[in-house]
1. Give the Cα extents of region 118-173 along the principal axes, in whole Å, largest first.
2. Please compute the contact order of the chain in relative form: average sequence separation of alpha-carbon pairs under 8 Å and at least six residues apart, divided by the residue count, as a percent.
3. Taking the Kirkwood radius as the inverse of the mean 1/r across Cα pairs, report the Rg/Rh of region 77-155.
4. Placing one identical point scatterer on every Cα of region 105-204 and ignoring solvent, what is log10 I(q)/I(0) from the Debye formula at q = 0.12, 0.20, 0.22 Å⁻¹?
5. If you find the alpha carbon centre of region 118-154 and of region 1-30, how far apart are they in angstrom?
6. With the crude spin-label approximation of a point 7 Å out along Cα→Cβ, what separation in nm comes out for Asp145 versus Lys120?
7. Could you tell me how many degrees, from 0 to 90 and to the nearest 10, lie between the Cα long axis of helix 177-187 and the main elongation axis, the longest principal axis, of the Cα atoms of the chain?
8. Give the span of region 8-130's Cα atoms along each principal axis, as three whole-Å numbers ordered largest to smallest.
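Readers should treat all values here as calculations from the given coordinates under stated rules, not as data from a laboratory. Here the structure is a predicted model, which is why all the values come from computation and not from measurement. Every residue, glycine among them, receives a Cβ derived from its backbone with ideal geometry; neighbour counts consider all protein chains shown.
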Amino acid sequence: MLVVEDLMLLLLDDETGTPAAAGTLPYTLGGAVLVELALLGRIEADSAQGLNGPKVYAVGDGPLEDPLLQEAYDKVAEKPRGAQTLLLTIGSKLWDPVVERLIERGLIRREKKRVLGLFKMTMLPAADTEYEAALRDRIRAVLVDGAEPDPRTAALIALLSSSGALPQLRPQLAWSSAVIKRAKELEQGNWGAVALDTVVTRTAAAIAVSTAVAAVTVTTPPSS
């Protein structure tokens, strides 16, 4: 499973398949793919923050095994771009392929229904919740129990928090000021020892920060 698949699975309501934080979804999904490329050592980001976040560069050689990651990598490789520009460029095309992957894995299913006997509606309820429950347990261990996150879990929490979807997860976390503070720390790239290890995790953390900035920009109404 890719980070973006884990993220989508967590965002989809188990009963209806409606995604939480739908307004920022393209940015969040794009952030998940860029984080994955960073963790694979295939992109790096400038330390300086420009208008559209740090510039992102393709690095490394050879094809990637996953075609979804390869397509995103090829887009990065075209030319250096600001992270926030890449988030939307990549993320706007991810809904359909990621949903299809989750259906193929048997984690969600597609249902066709009629509302009021007239309007057709497609629903994407959960089909198998065991894997998702394990993801939630990992997130709960970090936020509630204070466990040290691995890079993937840190990235997932950062992306969920930046999208505004974290409080909407069901079953809901035992919210407290400590949990909220921990989630915000991860959202802002403070991954502790994880992010200090290599340029790989530092780049992944920087992408997560850019995703948070993009999400805030999208959801903040313009001043009159």
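1. 50, 25, 19
2. Here the relative contact order equals 28 percent.
3. 1.11
4. The calculated log intensity ratios at q = 0.12, 0.20, 0.22 Å⁻¹ are -0.51, -0.99, -1.11.
5. Centre-to-centre distance over Cα atoms comes out at 10 Å.
6. Taking the simple label geometry, Asp145 and Lys120 are separated by 4.6 nm.
7. So the helix axis and the longest Cα principal axis differ by about 60 degrees.
8. The principal-axis extents, from largest down, are 53, 31, 24 Å.
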